Structures are given as C-alpha cells and as structure tokens.
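K.L.:
Right, I'll just put the structure down here and ask away after.
The values are calculated or read from the model by the stated rules, or taken from the named source; none is laboratory data. The model shown is predicted, which means the values in this text are computed figures rather than measured ones. Note that we place each Cβ from the backbone using ideal geometry, even for glycine, and neighbour counts take in every protein chain shown.
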Amino acid sequence: MNRHEKEEYLREYEQLKKKGKPFFPYAIAKDGVMFVLVALIIVVMSLMLGAEQGPKADPTTTSYVPRPEWYFFFLFELLKVLKPPWLTPVATIGIPTLCMVLLLLLPFYDRNPERRLTRRPIAAISGFFVIIAMAYLTFLGANAGSPTEIEAKVPASLEEGKLVTAQSGCLACHQIGENGNNGPGPELTEIGLRLPRATIARSLYIGPGIMPSYAGLPKKKLDALTEYLASLR
Amino acid sequence: MPDIEKLIPPPLRRPAKPGEGNGNGNGNGNGNGVVDLRQPTEKNGSAATEELKGKLKDSPADVVGWVDERTGASNIVTALALRKVPKGTNWFYTLGSATMFAFICQALTGVFLAMYYTPSPVEAYASITYLTNEVFLGEFVRGMHKWGATVMIILIFMHMARTFFFGAYKYPRELNWVIGVVLIILTLVMGLTGYLLPFDQRSFWATEVANNITASGPFVGPYLADFLRAGPEIGATTIQRFYAIHMLLVPGLIIGLIGAHLFLVVKLGTTAPPWVHASKPKSLRRKDVG
C-alpha cells in the first residue's frame with residue numbers, strides 16, 4: 001500500500017466510524033449473547049460428554065493407541081500422506097513451520113489494498129483450500145481407528161507374538177497384511193525379508209524416528225514381538 | 001478529613017478541578033469544615049452541591065468518586081464504552097471476544113483443577129481419579145476444562161478465518177495479526193502440554209510420539225525434545241516441566257499478548273466488513289460508475 005492508498009483507507013474508515021454505533025450498548029450486547037452461548041456450550045458438552053479417565057499411563061504396555069487430541073489430527077494425518085521416511089521431517093517440522101511463517105508474515109507479502117474477497121482471488125482460493133485440506137485431514141484422522149486383530153494365520157509358536165503385536169498399537173501406524181493403517185510407519189507385511197532379526201529388535205528398543213520406544217515392555221513380550229515380526233515374509 | 005486540610009497552608013491545598021467547587025480549593029466559606037445544605041441562601045444551590053461532591057471524594061462514602069479522582073478511570077471507561085464501532089459491524093465480530101471468554105473459562109476451571117492436581121507420575125493419575133470421582137462437581141469442572149479447550153480452539157480458528165476473509169489484517173492492523181498468530185500457536189502449545197497431565201495411557205503415548213516428532217526436527221529438534229522430556233524418558237521431571245509450562249509460562253504469555261491485542265484493537269478500531277462503504281457524494285459516485 002502506498003501513502004495515497006493508506007490515507008484513502010483511513011479517511012474512509014473515519015467516515016464509517018462516524019456512521020457507526022457506540023460500543024456500549026450495541027457491540028457489547030452481541031458480545032454478551034456470545035459469552036452466554038459459549039458458556040452454555042461448554043457446560044452442555046461437559047455434562048453430556050463428561051471427562052472419562054483412561055487407563056493409567058504404563059510404559060510397559062501400549063494397550064492404548066497413541067493418538068493426539070483431535071485438533072492435531074491434521075498434523076498426524078500429514079505423516080501418512082508423506083510416508084517415505086526421508087519425508088518425515090518435512091511433515092513433522094517442515095510443513096508446520098512453513099505454515100506458521102506464512103501465517104505470521106501474511107500482512108507483509110499480501111500488500112494488495114483490496115479487502116473484498118471477490119477481488120482477492122488468490123487469497124480466497126488459498127484460504128478455502130487450507131480450510132478444506134485441514135477439515136479433510138481431521139476427518140481422516142477422526143476415522144482412522146486402530147484395529148487390534150491380525151487375521152493372517154501363524155504357527156502356534158508365534159501366536160503370542162501376534163497377540164502382543166495386535167495389542168500394542170502397532171497397527172495404528174503400520175500395515176500388516178490386510179490389517180492396520182498404511183502409515184505413518186512403513187508396511188510390516190514382509191518386514192522379515194527386509195530387516196534382519198537383530199535390527200528389528202533394535203528398532204523396537206530405541207524407537208527410530210517418531211516411533212515410540214518399546215523398551216519398557218517385559219522382556220518376554222518384547223522377544224515374542226521380535227520373533228513374530230522377524231517371521232513376516 | 002477537613003481538619004487535616006486546615007493544617008495545610010492554603011497555597012499547598014489541593015486545587016479544585018475545573019468546574020468543581022467554588023474555585024477556592026477545599027477551603028470553604030463557613031469555616032467549620034462541614035457544608036451545611038440547610039443554608040442555601042448563603043451560596044448558590046448547585047455550587048453547594050458541587051462542593052459537597054468535592055468533600056465526598058475525600059471521604060469513603062463516595063467510593064467511585066474517590067477512585068476516579070485518583071485514577072481518572074471514568075474518562076477511560078467512558079471513552080472505551082462510547083467509542084464507535086464502524087457501520088456494518090455484525091456477529092462475526094464477536095468471535096474474538098468469545099475466544100477470550102473461552103480462555104477466561106479455561107483459566108478459572110484450571111485454577112480449580114490445580115487445587116487438586118499433583119504433578120508427579122505416582123500421584124497424578126490418582127489425584128485425577130479423586131478429583132473426578134470424589135470431589136463435589138469435580139468431573140463437571142474437569143469436563144468444562146477439557147471441552148473448553150476444544151471450544152477455544154474452534155473459536156480462535158474461526159476468528160482467524162474471519163480476519164483473513166475480511167482482509168482485516170491489512171494496514172494499519174498488521175501487527176495485531178502477528179500477535180494473533182502467536183496467540184494461536186500458544187493455544188496449541190496449551191493443548192499439547194495439557195494432554196500429558198492426566199497421565200493416562202493416551203497422554204503418555206501421545207506425548208511420547210509428540211516428543212519424538214520434536215526430536216526429528218533439524219538442528220535444535222533433538223535438544224528441544226531433550227529439554228521437554230527432561231530425562232531419558234517421560235517421567236517425574238517431564239510432568240513437572242509440562243505442568244509449569246501449561247499453567248505458568250504459556251498462560252502468562254497469553255494474558256500479556258491478549259492485553260497487547262486488545263490495546264491495538266481499541267487504538268486502531270475494528271474493521272468494517274469489506275462490503276460496507278462510506279457513501280460518497282453523488283457527483284463522485286457518478287464519476288465512479290462512468
């Protein structure tokens with residue numbers, strides 16, 4: 001905006017303000033109605049939905065799927081869209097940081113003095129695109145459950161490992177055969193072919209990348225888990 | 001009070017405000033320090049009333065006047081209340097104050113939760129169980145805090161969308177947009193740090209993943225994750241760290257930034273909707289069309 005445009009805006013704003021109404025009681029009345037509405041919504045949600053307490057935190061089991069609060073679903077789903085491991089930092093840090101910087105600097109690169117949306121096609125399109133993308137990713141995240149069963153048949157000796165795998169939340173991020181989510185983690189259907197047993201054990205122990213470490217599991221469970229995963233080929 | 005006034009030599013006495021009293025400081029005509037309204041003949045009636053008002057400002061009887069004389073608050077309050085909002089202001093303009101109201105709800109319910117919560121891995125879960133099941137209205141207040149967070153997040157994003165689509169971040173309100181974006185980031189940090197505190201399975205494993213995500217960042221990522229975790233794994237120090245961030249650091253920052261945000265809103269005024277225009281004189285309008 002050049003000086004002329006700035007002055008023109010300030011002049012017009014001054015006129016609009018002269019024609020406006022005083023904050024009290026007109027604007028504050030709307031705010032007051034909104035306060036009551038917000039308070040009611042919070043109270044009703046609290047009464048209807050309550051605040052259930054999950055099972056106590058326990059590093060030795062992962063009977064609960066690690067899932068963020070719903071307003072982080074879009075970030076979590078981004079990890080599934082950008083699945084290759086070398087893209088993980090892009091999804092975890094790169095895109096969120098880029099979005100934050102773009103948002104912060106918005107008034108500095110959008111210097112168009114026009115405010116009507118119909119005359120700001122780029123702003124309108126990118127605004128609606130971001131909203132739709134975030135809504136879509138949140139919707140995906142809300143619907144991505146974590147199966148706790150693996151259908152593929154295994155010999156009896158591996159049954160225990162299969163059970164531990166199914167109950168430890170692995171399927172929230174990995175696909176095994178027909179079960180589980182395809183991402184953010186790599187598919188495990190043939191992991192035994194790609195990685196030696198020792199590497200699998202080490203991965204479970206240290207938790208590479210964003211995967212949580214399973215070092216807290218009892219040794220017997222951890223061994224069964226490793227055995228089962230190494231047998232997948 | 002008047003007796004003390006009498007001890008002060010006249011040149012040092014508090015001067016009357018313009019339009020108040022008899023222009024004679026607090027020194028009064030009849031010399032006994034009490035204004036006698038039964039003798040209106042000696043003075044003009046309204047002047048006596050004015051003088052009585054002046055007296056009351058020195059006594060605890062007129063609290064508002066007393067405070068106002070010392071702070072000038074009535075000028076500020078009047079200016080704030082009667083300032084004009086531009087033509088066309090509609091319901092979309094309530095989203096910001098609604099977000100602030102949700103934050104106030106979070107602060108209040110948070111104070112009550114803090115009365116019962118113990119930030120340690122051994123006791124955190126049990127203290128939440130006690131709060132939820134035993135404390136009067138405990139589950140209700142915890143529910144309000146939990147769902148209030150959701151409401152606040154929705155409102156703050158709607159407020160940002162309104163600002164974006166109305167072009168309200170443009171000159172002269174650029175700085176207020178920047179403050180608003182920082183407030184959104186801080187609100188998300190509140191959501192993230194609050195998630196660990198109940199210390200149930202979901203909290204623990206989600207925080208584990210969130211921390212690993214932080215660690216995957218370039219350069220500072222691993223150090224930041226170490227700082228947050230405060231040890232090799234999530235435990236006592238992590239909870240205390242998240243607790244301090246969640247209820248001291250970030251709320252303090254949010255309150256300060258809301259103050260700055262509101263200051264700029266009052267100073268610059270709220271925008272008019274982009275489709276509302278000041279009507280121009282007819283001659284100009286014809287020129288626009290032609």
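K.L.:
Check off (1) surrounded by 16 or more Cβ atoms within 10 Å (Cβ to Cβ); (2) assigned to a helix (DSSP H, G or I); (3) facing chain B (nearest Cβ under 9 Å); (4) of a type in the set (D, E, K, R) for A:Arg67 and give me the number that stays unchecked.
P.N.:
(2)
K.L.:
Report yes if A:Lys162 is free of Cβ contacts under 8 Å to residues at least 60 places away in the same chain and either within 14 Å of another protein chain (Cβ to nearest Cβ) or not hydroxyl-bearing (Ser, Thr, Tyr) (or both), otherwise no.
P.N.:
It is false that A:Lys162 is free of Cβ contacts under 8 Å to residues at least 60 places away in the same chain and either within 14 Å of another protein chain (Cβ to nearest Cβ) or not hydroxyl-bearing (Ser, Thr, Tyr) (or both).
K.L.:
To continue, here is another question. Does A:Lys56 count as more than 8 Å from chain B (Cβ to nearest Cβ), within 29 Å of A:Leu204 (Cβ to Cβ) and basic (Lys, Arg)?
P.N.:
Numbers: more than 8 Å from chain B (Cβ to nearest Cβ): no; within 29 Å of A:Leu204 (Cβ to Cβ): yes; basic (Lys, Arg): yes.
Spelling it out, it is not the case that A:Lys56 is more than 8 Å from chain B (Cβ to nearest Cβ), within 29 Å of A:Leu204 (Cβ to Cβ) and basic (Lys, Arg).
One line per residue, one yes/no per condition, for (1) within 17 Å of B:Glu139 (Cβ to Cβ); (2) at pLDDT 90 or above; (3) not small (Gly, Ala, Ser):
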residue	(1), (2), (3)
A:Glu12	no, yes, yes
A:Leu16	no, yes, yes
A:Tyr26	no, yes, yes
A:Lys30	no, yes, yes
A:Val36	no, yes, yes
A:Ile41	no, yes, yes
A:Leu47	yes, yes, yes
A:Gln53	yes, no, yes
A:Ala57	no, no, no
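K.L.:
When only residues in segment A:77-97 that are among the hydroxyl-bearing types (Ser, Thr, Tyr) and surrounded by 15 or more Cβ atoms within 10 Å (Cβ to Cβ) count, which is farthest from the chain's Cα centre (by Cα)? Write out each step before concluding.
P.N.:
Just the residues of segment A:77-97 that are among the hydroxyl-bearing types (Ser, Thr, Tyr), to begin with: A:88, A:92, A:97.
With the extra rule that they be surrounded by 15 or more Cβ atoms within 10 Å (Cβ to Cβ), the set shrinks to A:88, A:92.
Details: A:Thr88: 13, A:Thr92: 10 Å.
Only one residue tops the list, namely A:Thr88.
K.L.:
When residues of segment B:211-227 are filtered for being in a helix (DSSP H, G or I) and within 7 Å of another protein chain (Cβ to nearest Cβ), how many remain?
P.N.:
Of the residues in segment B:211-227, the ones in a helix (DSSP H, G or I) are B:211-215, B:221-227.
Still in the list and also within 7 Å of another protein chain (Cβ to nearest Cβ): B:212-213, B:221.
The total comes to 3.
K.L.:
Looking at (1) within 8 Å of chain A (Cβ to nearest Cβ); (2) among the small types (Gly, Ala, Ser); (3) surrounded by fewer than 22 Cβ atoms within 10 Å (Cβ to Cβ); (4) in contact with a Ser or Thr (Cβ under 8 Å, 6 or more places away or on another chain), find the lone condition where B:Gly143 falls short.
P.N.:
Against the list (1) within 8 Å of chain A (Cβ to nearest Cβ); (2) among the small types (Gly, Ala, Ser); (3) surrounded by fewer than 22 Cβ atoms within 10 Å (Cβ to Cβ); (4) in contact with a Ser or Thr (Cβ under 8 Å, 6 or more places away or on another chain), B:Gly143 comes up short only on (3).
K.L.:
Checking A:Arg111 against (1) within 12 Å of another protein chain (Cβ to nearest Cβ); (2) assigned to a helix (DSSP H, G or I); (3) within 22 Å of B:Val182 (Cβ to Cβ), which single condition isn't satisfied?
P.N.:
Unmet condition: (2).
K.L.:
Only one of these conditions is not met by B:Asn133: (1) under 32 Å from the mean Cα position of the chain (by Cα); (2) more than 7 Å from chain A (Cβ to nearest Cβ); (3) free of Cβ contacts under 8 Å to residues at least 60 places away in the same chain. Which number is it?
P.N.:
Just one mismatch for B:Asn133, condition (1).
K.L.:
Of B:Ala206, B:Ala230, which residue is at the interface with chain A (Cβ under 7 Å from one of its Cβ atoms), out of contact with any strand residue (DSSP E or B) (no Cβ under 8 Å at 6 or more places or on another chain), more than 19 Å from B:Ile156 (Cβ to Cβ) and free of Cβ contacts under 8 Å to residues at least 40 places away in the same chain?
P.N.:
Details: B:Ala230 fails: at the interface with chain A (Cβ under 7 Å from one of its Cβ atoms).
Unique residue meeting the criteria: B:Ala206.
K.L.:
Is there a residue being in a helix (DSSP H, G or I), surrounded by 17 or more Cβ atoms within 10 Å (Cβ to Cβ), facing another protein chain (nearest Cβ under 7 Å) and in contact with a helix residue (DSSP H, G or I) (Cβ under 9 Å, 6 or more places away or on another chain) anywhere in segment A:45-53? Walk me through how you get there before you give the answer.
P.N.:
To start, the set of residues in segment A:45-53 that are in a helix (DSSP H, G or I) comprises A:45-49.
Pick out the ones that are also surrounded by 17 or more Cβ atoms within 10 Å (Cβ to Cβ) and you get A:45-46.
Keeping just the survivors that are facing another protein chain (nearest Cβ under 7 Å) gives A:45-46.
After this cut, where a residue has to be in contact with a helix residue (DSSP H, G or I) (Cβ under 9 Å, 6 or more places away or on another chain) as well, the list is A:45-46.
Yes, that holds for at least one residue.
K.L.:
How many residues are out of contact with any Gly (no Cβ under 9 Å at 6 or more places or on another chain) and not aromatic (Phe, Trp, Tyr) when one looks only at segment B:75-93? Reasoning before the result, please.
P.N.:
If we filter segment B:75-93 for residues that are out of contact with any Gly (no Cβ under 9 Å at 6 or more places or on another chain), which is where we start, we get B:75-82, B:90-93.
Still in the running and not aromatic (Phe, Trp, Tyr): B:75-82, B:90.
Count: 9.
K.L.:
B:Val122 is checked against (1) buried (at least 16 other Cβ atoms within 10 Å of the Cβ); (2) among the hydrophobic types (A, V, I, L, M, F, W, C); (3) more than 30 Å from A:Ile41 (Cβ to Cβ) and fails just one. What number does that condition carry?
P.N.:
(1)
K.L.:
May I ask you to list the residues in segment B:114-131 that are part of a helix (DSSP H, G or I) and not β-branched (Val, Ile, Thr)?
P.N.:
B:Ala114, B:Ala124, B:Tyr125, B:Ala126, B:Ser127, B:Tyr130, B:Leu131
K.L.:
So, one more: Take A:Ser213 and tell me if it is in a helix (DSSP H, G or I) and crowded, with 17+ Cβ neighbours inside 10 Å.
P.N.:
Details: in a helix (DSSP H, G or I): no; crowded, with 17+ Cβ neighbours inside 10 Å: yes.
No, not satisfied.
K.L.:
Of all residues in segment A:9-35, count the ones that are among the aliphatic types (A, V, I, L, M) and within 7 Å of chain B (Cβ to nearest Cβ). So that I can check it myself, show each step before the final result.
P.N.:
Initially, segment A:9-35 is screened for residues among the aliphatic types (A, V, I, L, M), giving A:10, A:16, A:27-29, A:33-34.
Among the residues that remain, those that are also within 7 Å of chain B (Cβ to nearest Cβ) are: A:16, A:27, A:34.
Final tally of qualifying residues: 3.
K.L.:
Still on this structure, I have one more. Taking the stated definitions as given, is A:Tyr228 surrounded by fewer than 18 Cβ atoms within 10 Å (Cβ to Cβ) and under 20 Å from A:Thr61 (Cα atoms)?
P.N.:
Numbers: surrounded by fewer than 18 Cβ atoms within 10 Å (Cβ to Cβ): no; under 20 Å from A:Thr61 (Cα atoms): yes.
No; evaluated as a whole, the condition is false for this residue.
K.L.:
Still on this structure: Can you give me the ranges of the helices (runs of 4 or more DSSP H) entirely in segment B:1-113 with at least 1 residues that are within 14 Å of another protein chain (Cβ to nearest Cβ) and at pLDDT 80 or above? Quick ask: steps written out before the conclusion?
P.N.:
Values: elements: B:2-7, B:45-56, B:63-71, B:73-82.
Answer list for segment B:1-113: B:73-82.
K.L.:
Is it the case that some residue within segment B:176-194 is at the interface with chain A (Cβ under 7 Å from one of its Cβ atoms), modelled with pLDDT of 95 or more, in contact with a Pro (Cβ under 7 Å, 6 or more places away or on another chain) and surrounded by 20 or more Cβ atoms within 10 Å (Cβ to Cβ)?
P.N.:
Scanning segment B:176-194 turns up at least one residue that is at the interface with chain A (Cβ under 7 Å from one of its Cβ atoms), modelled with pLDDT of 95 or more, in contact with a Pro (Cβ under 7 Å, 6 or more places away or on another chain) and surrounded by 20 or more Cβ atoms within 10 Å (Cβ to Cβ).
K.L.:
Next question, about the same structure. Those residues that are within 25 Å of A:Arg3 (Cβ to Cβ) and either basic (Lys, Arg) or exposed (fewer than 13 other Cβ atoms within 10 Å of the Cβ) (or both), I need them from segment A:98-142; list them, please.
P.N.:
The answer is A:Phe108, A:Tyr109, A:Arg111, A:Arg115, A:Arg116, A:Arg119, A:Arg120, A:Ile122.
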